[in-house]
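This report refers to the structure that appears directly beneath it.
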Amino acid sequence: AAQPLTIIGSTGPVLAFVAALVQLAEKMNLPFLPLYAWTGIWTSAILFVSSVTSASNLVKYLTRFTDEIFSTLISFIFVVEAVQNIGRSFTNPASTFTKGLLTTIVAISTYFTANTLRGLRNTAYFTKGIRKNISNFGPTIGVITGALIARWARLSQGAAATLPAL
């Protein structure tokens, strides 16, 4: 009870942490997998000590403000990374202006689709249950829409419209 739970997979904070760890490994010329393994070993040791000392009781001192600040930080990291990737699609010598423009169009359409569907919850369209479900899956539908736009561009324009991969 009251022990921290980390869902294994690409949750927001875990994904941001792994991305930062990859950048650190590249800057320090360290192999990523051993660094990631040692990070996991140290984390497990710290969590073991925390559980033995019942450090989870300190959670009661955290406020909603702390949660909101952390969520804002994670969101900011994702937004900055997305803007940097869009900027790189224009400045990369191997990329064309068409690829940069397509990257921008896909990013904007993904954002506006997700944001519009999220706001559907407060409209009078459909029934309350349908509005709620569409609103909950708005970001997913936005990503699928962006992927379909990129796929359509690649099918209609050929390799010139292939977006850069991660």
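The values are calculated or read from the model by the stated rules, or taken from the named source; none is laboratory data. These numbers come from a predicted model, not from an experiment. So basically every Cβ, Gly included, is an ideal-geometry build from the backbone, and we count neighbours across all protein chains shown. Protein only, heavy atoms only, side chains kept; ligands, DNA and RNA dropped before computing areas. Shrake-Rupley method; radii C 1.70, N 1.55, O 1.52, S 1.80 Å.
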Residues of segment 84-93 being out of contact with any helix residue (DSSP H, G or I) (no Cβ under 8 Å at 6 or more places or on another chain) and either closer than 19 Å to Ser109 by Cβ or open to solvent by 80 Å² or more (accessible area, probe 1.4 Å) (or both), in sequence order, are Gln84, Gly87, Arg88, Thr91, Pro93
Would you say Val14 is touching a Phe, Trp or Tyr at 6+ places or on another chain (Cβ under 9 Å) and surrounded by 11 or more Cβ atoms within 10 Å (Cβ to Cβ)?
no
Go through segment 50-72 and report how many residues are free of Cβ contacts under 8 Å to residues at least 12 places away in the same chain, in a helix (DSSP H, G or I), loosely packed, with under 13 Cβ neighbours inside 10 Å and not polar (S, T, N, Q).
9
Glu81 in contact (Cβ under 8 Å) with a residue 60 or more places away in the chain, surrounded by 10 or more Cβ atoms within 10 Å (Cβ to Cβ) and under 24 Å from Val14 (Cβ atoms)
yes
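Condition check: among the β-branched types (Val, Ile, Thr), open to solvent by 100 Å² or more (accessible area, probe 1.4 Å) and at pLDDT below 85. Does Ile46 satisfy that?
Working: among the β-branched types (Val, Ile, Thr): yes; open to solvent by 100 Å² or more (accessible area, probe 1.4 Å): yes; at pLDDT below 85: no.
No.
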Quickly run through segment 109-137 and pick out the residues that are open to solvent by 90 Å² or more (accessible area, probe 1.4 Å) and of a type in the set (A, V, I, L, M, F, W, C).
Phe112, Ala124, Phe126, Phe137
